[in-house]
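Read through the structure below, which is laid out as structure tokens, and then see the notes.
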Amino acid sequence: VSPVERGQLQAAMSALAEGDRGAFDRVFSALWPILRAVSGRMLADASEAEDAAQQALCKLFAHAWRFDGSRDALPWALTFVINECRTAIHRARRRATARLDEASIDLAASPEALCIEQELLVALEAAVGRLTPSDREALGLDPPLQPASPATVRKRRQRALSRLRVVWRKLHGAF
Amino acid sequence: MERSDASARRRARWAYELGRLRFAAPYGAGAAAVVVLAGLIGAPSPPLFAALGVTLVAVCIAMPTISRRLAGQVRPGLLAGAVPMIAALASARGHGCADACSDLCAPLCAAAGLVVGAWLGRSHARWGALLVASLTAAVGCIAVGAGALAGALLGLALGTVPALAVRRRV
């Protein structure tokens, strides 16, 4: 964005904040391509990028009355699209994690699946082997030495799982 | 692509107008509070009171929705109009007159209108502020009668219009 265009955007945005509907088209024409370009760079999926850009655009115009003319319009506008893209990225990550949790490997599906399962089991055994006896007990891999309340068992399992995740990451990288 | 642009433009326009309404909502709430206060202090003729109240709230929402410059005229207008409104309602209560009062209430409304009209003319000489002040005063003065209403509006106009005319010439 050239300094001249930036100045024009600043003036149009200030006018729009004041309530000048005539400035709407100028602000839209200046910002829409920028928002799309930024979301396109931040998000790999084209449709998600388009959605994020549209969401950011709507939020930007909904908050246009709050715009303070003494502030720079471009960074103010970019905040909306960056926040929207970050939200989309977090959403996608959550979706991927949920899919992993739900996914079950069909053991008899194919020789490749069996091979993968074998590899996973070996990798899991290596990771579990590095856990302490109390963590293995908490995960139900070893018999319990002394009884504990359900809340304690749950807490210990949670901690053991988080330690298993750390060990897994060290050995095999991220999921 | 063009279709997507048109859809984005439409959604953005809609979001903008909703945003402006959100900006105007506190002004409308302020006006509604004034109307409720007037209704609680004195119970004027319901249909006219309701019509004036609704008009006042609608004007106080419409002005900030249209522009920020007009939004700045709502508060002084409400403040200025509240003085003759409260004066009218308080005097009507203390005086014990109901519909047509010309001894004290009407002159009091006119005097209050003149004083706040002069203040409005000096500090916020704008047609929007005068409109809001007139409607606010009317909401209260209608409880006293047509004389009080006319007095308050005349007072407001006498105080404000000269300043508005001078401002326009300058």
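The values are calculated or read from the model by the stated rules, or taken from the named source; none is laboratory data. Everything numeric here is computed off the predicted structure, so don't read it as measured data. Note: ideal-geometry Cβ built from the backbone for every residue, glycine included; neighbour counts use all protein chains shown.
Points worth noting:
- Residue that is modelled with the lowest pLDDT, among those in the stretch B:1-22 that are more than 14 Å from residue A:19 (Cβ to Cβ) and among the small types (Gly, Ala, Ser): B:4
- Some residue of the stretch A:49-57 being loosely packed, with under 13 Cβ neighbours inside 10 Å and assigned to a helix (DSSP H, G or I): no
- In the stretch A:40-64, the residues that are more than 9 Å from chain B (Cβ to nearest Cβ) reach residues that are outside any helix (DSSP H, G or I) and hydrophobic (A, V, I, L, M, F, W, C) with C-beta atoms within less than 7 angstrom, at least six apart or across chains, in these pairs: A:49/A:43; A:52/A:43.
- Out of A:127, A:113, A:148, A:138, one residue alone is touching a residue at least 40 places away in the same chain (Cβ under 8 Å) and out of contact with any Ser or Thr (no Cβ under 6 Å at 6 or more places or on another chain). It is A:127.
- Residue, farthest from the chain's Cα centre (by Cα), within the stretch A:58-95, restricted to residues that are under 18 Å from residue A:5 (Cβ atoms) and of a type in the set (A, V, I, L, M): A:73
- Filter pass, residue A:33 being more than 14 Å from chain B (Cβ to nearest Cβ) and part of a helix (DSSP H, G or I): no
For (1) more than 19 Å from residue B:145 (Cβ to Cβ); (2) touching a Pro at 6+ places or on another chain (Cβ under 6 Å), each residue gets a yes or a no:
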| position | (1), (2) |
| --- | --- |
| B:11 | yes, no |
| B:24 | yes, yes |
| B:39 | no, no |
| B:50 | no, no |
| B:60 | yes, no |
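- Of all residues in the stretch A:76-115 being of a type in the set (Gly, Ala, Ser), exposed (fewer than 14 other Cβ atoms within 10 Å of the Cβ) and part of a helix (DSSP H, G or I), the one that is modelled with the lowest pLDDT: A:113
- Within the stretch A:132-175, considering residues that are polar (S, T, N, Q) and outside any helix (DSSP H, G or I), the one nearest to the chain's Cα centre (by Cα): A:132
- The listed residue being over 20 Å from residue A:68 (Cβ atoms) and in contact with a helix residue (DSSP H, G or I) (Cβ under 7 Å, 6 or more places away or on another chain), out of A:2, A:47, A:39: A:39
- Exactly one residue among A:71, A:6 is exposed (fewer than 13 other Cβ atoms within 10 Å of the Cβ) and basic (Lys, Arg), and that residue is A:71.
- Among residues of the stretch B:1-42 being facing chain A (nearest Cβ under 7 Å), free of Cβ contacts under 8 Å to residues at least 12 places away in the same chain and hydrophobic (A, V, I, L, M, F, W, C), the one that is surrounded by the most Cβ atoms within 10 Å (Cβ to Cβ) is B:12.
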